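Input: a single structure, listed below in structure tokens.
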Amino acid sequence: MKLLRRTLVLVLFAVAVYGGWGFLDGNANPVTIHYVVGDLAGVPLWQALLGAGLLGALLALAATGLGLARARLEARRYRKALVNLEAEVHQLRNLPLVSDEQAPSAEEILVASGGGAGRTR
């Protein structure tokens, strides 16, 4: 099985080299590239195509990287909010329970939860 896999990889590599050689041979004509600020003359067509492809891949990678960075920052913000909400739930679970005979007033509930600390009537 290993031998078959290595042979397949070697054959694919040979096909890629042969195709690349054919691409170079078929696109060796010199071309002129017109930029906004100038011209570049005498560049083989294969180099211009390869450069344009690499530049396009670089721009796509940069756009994808920006989207990924934005998503990671948003996920981080959500994780922080989740930690804060879990802490609040934990704090509410630790509030003392009161019997039915002695119903607390709204002010007592606020003071017990920390929301009414320091307030006066």
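Summary table
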| item | result |
| --- | --- |
| Failed criterion for Ala103 (all others in (1) surrounded by fewer than 10 Cβ atoms within 10 Å (Cβ to Cβ); (2) modelled with pLDDT of 90 or more hold) | (2) |
| Hits in the stretch 26-36 - residues which are at pLDDT 90 or above and outside any strand (DSSP E or B) | Asn29 |
| Residues (within 27 Å of Leu110 (Cα to Cα) and either touching a Ser or Thr at 6+ places or on another chain (Cβ under 7 Å) or among the β-branched types (Val, Ile, Thr) (or both)) located in the stretch 64-91 | Val83, Val89 |
| Matching residues, the stretch 37-63, being modelled with pLDDT of 90 or more, outside any helix (DSSP H, G or I) and of a type in the set (Gly, Ala, Ser) | Ala41, Gly42 |
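The values are calculated or read from the model by the stated rules, or taken from the named source; none is laboratory data. These numbers come from a predicted model, not from an experiment. Methodologically, a virtual Cβ is constructed for each residue, glycine included, from the backbone with ideal geometry; neighbour enumeration extends over all protein chains shown.
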